[in-house]
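Notes follow once the structure below has been shown.
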């Protein structure tokens, strides 16, 4: 009997150890990516200071100039533009689907949104080149008395906003549907209108989840490459407006990694760009997690 019990204890310890090892694997993988990029970027940091690389606007690899400021600004311009366009539409759409849409319409909308989420990014890029770029260049830019080729931050922001819409909508709908029906019925029994129930009960209860959905969409927007690369213009200059071309960090890496590696410091500069992109996404996610924790405490 003792032998059987001892064998069970050993087996349980082994299973716990295996589970702990697998649970630590994502942490090991993240740390591995972090240190590999830092190690590859280090040769450039030995003869150029980090501030001079980050805040310089000169990008001439042949001359040893690796200023990353235009690429960092391009990343923020495109991502924030997409986020500003996508969030209001996503939240309003998810509220309609969860609270107002008839069941027959839901059966159509939900699969269509899932389909949009599964489309390859290159398809969005082609759609952007064929429709959004001419729209921005020929119609939107003249409305603001400015010239644009169409390949611009605004075009990339629109394409990217459409790409992250399904992600935010799907998560937000699930969160809104998880609000207990008893809370809604209690508010209705007190004389609240349907709109007041949505505004003061449903949204308040679902706010942490909606914020998490927006953060998930933001994380995808920061790392999106192919579709943005096809419509943003890829000009290494500091953007002046939404109609200016830009060159985000993911597009820089996709366009150049593997080429011209004979240039001293070039590979290190690209790895530094990848490292900075990782830090930007990580910082935004940590900030969002801190805000969500604070929000959960406030809402109880």
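The values are calculated or read from the model by the stated rules, or taken from the named source; none is laboratory data. Just so it is clear, the structure is predicted and the values come from calculations on it, not from any experiment. Cβ atoms come from the backbone with ideal geometry, glycine included; neighbour counts cover every protein chain shown.
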Please go through region 113-169 and pick out each residue that is over 23 Å from residue 254 (Cβ atoms), more than 21 Å from the chain's Cα centre (by Cα) and assigned to a helix (DSSP H, G or I). 134, 135, 137, 138, 139, 140, 141, 142, 143
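Per-residue answers, yes or no, for (1) more than 19 Å from residue 30 (Cα to Cα); (2) surrounded by 13 or more Cβ atoms within 10 Å (Cβ to Cβ); (3) touching a residue at least 40 places away in the same chain (Cβ under 8 Å):
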residue	(1), (2), (3)
183	yes, yes, no
187	yes, yes, no
195	yes, no, no
202	yes, yes, yes
254	yes, yes, no
288	no, yes, yes
291	yes, yes, yes
How many residues, within region 32-82, are within 26 Å of the chain's Cα centre (by Cα), assigned to a loop (DSSP other than H, G, I, E, B) and either within 30 Å of residue 216 (Cα to Cα) or in contact (Cβ under 8 Å) with a residue 60 or more places away in the chain (or both)? 4
Residue within region 231-241 that is crowded, with 22+ Cβ neighbours inside 10 Å, in a helix (DSSP H, G or I) and modelled with pLDDT of 85 or more present: yes
Screening 179, 198, 211 for residues that are in a loop (DSSP other than H, G, I, E, B) and modelled with pLDDT under 90 leaves only 179
Being at pLDDT 90 or above, closer than 25 Å to residue 124 by Cβ and either in the same structural domain as residue 136 (by TED's automatic domain parsing) or not in a helix (DSSP H, G or I) (or both) is the requirement here; does residue 251 meet it? yes
